[in-house]
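Have a look at the structure below, then the notes.
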Amino acid sequence: MSFSRATYLPARRPPVSREGVSGWLRQNLFSSPGNTLLTLFALYIIWLTLPPLLDWALFDAVWRGEGREACLAEDAGACWAFVVAKFGQFIYGRYTITERWRVDIVFITGALLLALLLSERTPGRRFIAAFALFVYPLIAYVLLNGGMFGLEVVETSLWGGLLVTLVVAVTGMVVALPLGILLALGRRSELPALRFLSVIYIELWRGVPLITVLFMASVMLPLFLPPGVNFDKLLRVLIGVALFSSAYMAEVVRGGLQAIPRGQYEAAAALGLGYWRAHVLIILPQALRLVIPGMVNTFIGLFKDTTLVMVVGLFDLLGSVQVNFSDANWAAPQTAATGYAFAALIFWTACFAMSRYSIRVERRLNIGTRRE
Amino acid sequence: MSEKDSADTVIEISGLNKWFGDFHVLREIDLIVRRSERIVICGPSGSGKSTLIRCINRLEEHQSGRIIVNGVELNNDLKHIDQVRAEVGMVFQSFNLFPHLTILENCTLAPIWVRRLPRAEARELAMGFLERVHIGAQAHKFPGQLSGGQQQRVAIARALCMNPRIMLFDEPTSSLDPEMIKEVLDVMIDLAQEGMTMICVTHEMGFARTVANRIMFMDEGQIVEENAPEEFFNNPQHPRTREFLSQILSH
């Protein structure tokens, strides 16, 4: 029997039931009796929990007030008045009130630089990145710490709130990434001494809890330093956090390096590219985009771990919130819950933003390597 | 093979031995390649043919014997290795294009960073070679958007952008669909006709017959037979060669 096709079949649309709102519902929520049951159960749970939550957070909440009286009502919800009154403390800690504008400038320029860097359409991103990495930290340091250009010195022991959270987190991230890359390369190096040192560094820092690192940095380190030599507690914590997270970052980056096929190294070598050029131009750009989820995961973890600086007497956002619970003027049943909710909201917003941004970057970078 | 003018010699391999662990993968290889020669190496898998050409640009290290490429001996001197690699182009079985760079960037990368060519000049050079392998229109696409045959032609153009004196081909058509093998072979034949010195590891016997000056048959890490193509196919001397040829030509 022989057959020869006269015409090719054209492509057709999928069956209707898979399209539109009803199609989506049928496919995702009610595709089987079991699924339908789960959907109904989930709706029931939402119905049980959502209204009371909204009542507490919005409808019964107290928004205005000068003190605890406003929040003492029988069935009052969240005491947002507390957050409003203490907002300055949550953001700046005990930073001298008349000097808070300096923090504002650092925040605003930082946010501006970040926005410019994150958008793909900004011209000259390379120069902005260089500025953000090398010049901005100096400006930020001079502004925050003072002692130069007639600026009054504000001791780091006065710093607190979101300021400390951001300083610790951003420094940790900015130092951890390059250091982590170098450590990952060191661990894969063909030079035994370098490899050995990298392994020791990574395993040492990864094997110790961050709390221990912080205690070591703030309590034990001064014992080893000669008397009279002492440096800032915040600085010690910054160094501890940066070194700690670079060990994690190193392992994340190493995972990416291992996923690059041998052929890429060989093609680079065959073209005459040496070790550094091959890594900077060929290997790292690919390896780093493979591990974006892992890197962001580490960043998010680091951001939340900054709350641990409380144990050595630094007051980050959460610490500043907690300290204010003891203010008798605001002693009300819902004060603590509201404070925690506020801190959680800030942390969640920052972490969620990082997560969404990483997804966007992944999508954009995948355009090139995707087939079609 | 008579000794010709040694100034014409571009690759000189003598007494080459290499081991992978305990496995003696290359045994006492002697090979002299003169300018504009086209050599095809064939043999069963595991015979060491890929390893041999990978030794020529030091992707594999040899344990004994000498390899001299363009008058530079390959040893532990990194400068020598760089010198040799800049003059030897290589095309791989799995293309090994850089997936994060466009076709054009794949081609300009080494001229810019190794040869220190100005960007505009490198771009012009690359476009010239891309046109030559009939892929100029795709210059701004990424490797993942091209077919296997197109990718392999880009890989050839990328190697040519370094203006190499020698081209090594490591089974360039083995991972291609049948419909794409021809477009790659056509480019290679073109290159051969221009007088490029080429060493090809391939099982494309039609290509070997039309292009090669010499065909070498390898088995168990050694050169078993070496001859001009007509003699090699019509009158193979060694029983192992006859067996191999009957296997691959029987279909």
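Miscellaneous remarks
- Whole-number percent relative contact order across segment A:64-188, with pairs defined as alpha carbons under 8 Å at least 6 apart: 30 percent
- Average beta-carbon neighbours from other chains, 10 Å sphere, peptide A:272-283: 4
- The simple spin-label model puts a point 7 Å past each Cα toward its Cβ; for A:Arg363 and A:Ser4 those points are separated by 4.9 nm.
- Here B:Lys141 is the anchor, and the aspartates and glutamates within straight C-alpha reach of less than 16 Å, apart from those fewer than 8 places off in the same chain, are A:Glu372, B:Glu105, B:Glu131.
- Rg over Rh [alpha-carbon atoms, Kirkwood Rh] for segment A:9-91: 1.37
- For the protein assembly as shown, the residue among A:Leu58, A:Gly150, B:Phe20 whose Cα projects farthest onto the positive side of the dipole built from Cβ charges is A:Leu58.
- Take the Cα of B:Arg209, go 7 Å toward its beta carbon, and the backbone nitrogen atoms of segment B:32-53 under 19 Å from that spot belong to B:38-43.
- Fraction of antiparallel bridges per DSSP, the protein assembly as shown only, in percent to nearest 5: 50 percent
- Calculated on C-alpha atoms, the gyration radius of segment B:90-215 divided by its Kirkwood radius gives an Rg/Rh of 0.95.
- Among A:Leu177, A:Ile260, B:Cys161 the positive-end extreme of the charge dipole of the protein assembly as shown (Cβ point charges): A:Leu177
- Cross-link partners for A:Lys304 among the aspartates and glutamates, with Cα-Cα distance under 12 Å and sequence neighbours closer than 8 places in the same chain left out: A:Asp316.
- Under the criterion of Cα pairs below 8 Å and six or more residues apart, the relative contact order for segment A:41-116 equals 21 percent.
- The alpha-carbon atoms of segment A:86-149, seen along their principal axes, cover 38, 28, 12 angstrom, with the largest extent given first.
- Residue-span extension gain [A:Gln27 to A:Glu203] - 0.36 nm each, minus C-alpha spacing: 58.6 nm
- Footprinting exposure proxy for A:Thr7, B:Thr108, A:Thr36, B:Thr241 (fewest neighbouring C-beta atoms within 10 Å first): A:Thr7, A:Thr36, B:Thr241, B:Thr108
- Computed magnitude of the charge dipole of the protein assembly as shown (debye, nearest 20; Cβ of K, R +1, Cβ of D, E -1): 980 debye
- Peptide B:160-167 has a mean shielding of 1, counted as Cβ atoms of other protein chains within 10 Å of each residue's Cβ.
- Converting the Cα gyration tensor eigenvalues of segment A:185-308 into ellipsoid dimensions via √(5λ) gives semi-axes, longest first, of 34, 17, 12 Å.
- FRET efficiency, 1/(1 + (r/R0)^6) with R0 51 Å, evaluated for B:Ser64 and A:Ala344 via beta carbons: 0.15
- The mean number of partner chain beta-carbon atoms within 10 angstrom of a residue's beta-carbon across peptide A:261-269 is 6.
- Debye intensity ratio in log₁₀ form over the Cα atoms of the protein assembly as shown, taken at each q of 0.08, 0.09, 0.12 Å⁻¹: -0.82, -0.93, -1.23
- Two-site FRET efficiency, A:Arg125 against A:Tyr275, from Cβ-Cβ distance with R₀ of 30 Å, rounded to 0.05: 0.65
- Helix-only [θ]222 nm of the protein assembly as shown, DSSP H runs n ≥ 4, -39500 (n - 2.57) each, per residue, nearest 500: -16500 deg cm²/dmol
- P(r), alpha carbons of chain B - 10 Å bins starting at zero, rounded %: 7, 30, 36, 21, 5, 0
- Evaluated at q = 0.08, 0.11, 0.13 Å⁻¹, the base-10 log of the normalised Debye intensity for segment A:50-204, with identical point scatterers placed on the Cα atoms, takes the values -0.44, -0.73, -0.87.
- Normalised by the number of residues in segment A:275-362, the mean separation of alpha-carbon contacts (under 8 Å, six or more apart) gives a relative contact order of 34 percent.
- Take the Cα of B:Arg116, step 7 Å toward its Cβ, do the same at A:Phe87, and the gap between the two points is 5.9 nm.
- Cα-projected label distance for A:Ile45 with A:Cys351, points at 7 Å along beta-carbon direction, nm: 1.9 nm
- Translational D in µm²/s for segment A:12-55 (Stokes-Einstein at 25 °C, 0.890 mPa s, Kirkwood Rh from C-alpha pairs): 202 µm²/s
- Segment A:1-66, dipole about Cα centre (Lys/Arg Cβ +1, Asp/Glu Cβ -1), debye to the nearest 20: 760 debye
- Rg ratio (alpha-carbon, reference 2.2 N^0.38 Å) - segment B:149-225: 1.11
- Projected area, mean over directions - chain A, Cα convex hull, nm²: 32.6 nm²
Rule-based calculations on the coordinates, nothing more; no lab input. What you see is a predicted model; the values in this text were computed from it and never measured. In this analysis, Cβ positions are derived from the backbone assuming ideal geometry, glycine residues included, and neighbour counts consider all displayed protein chains.
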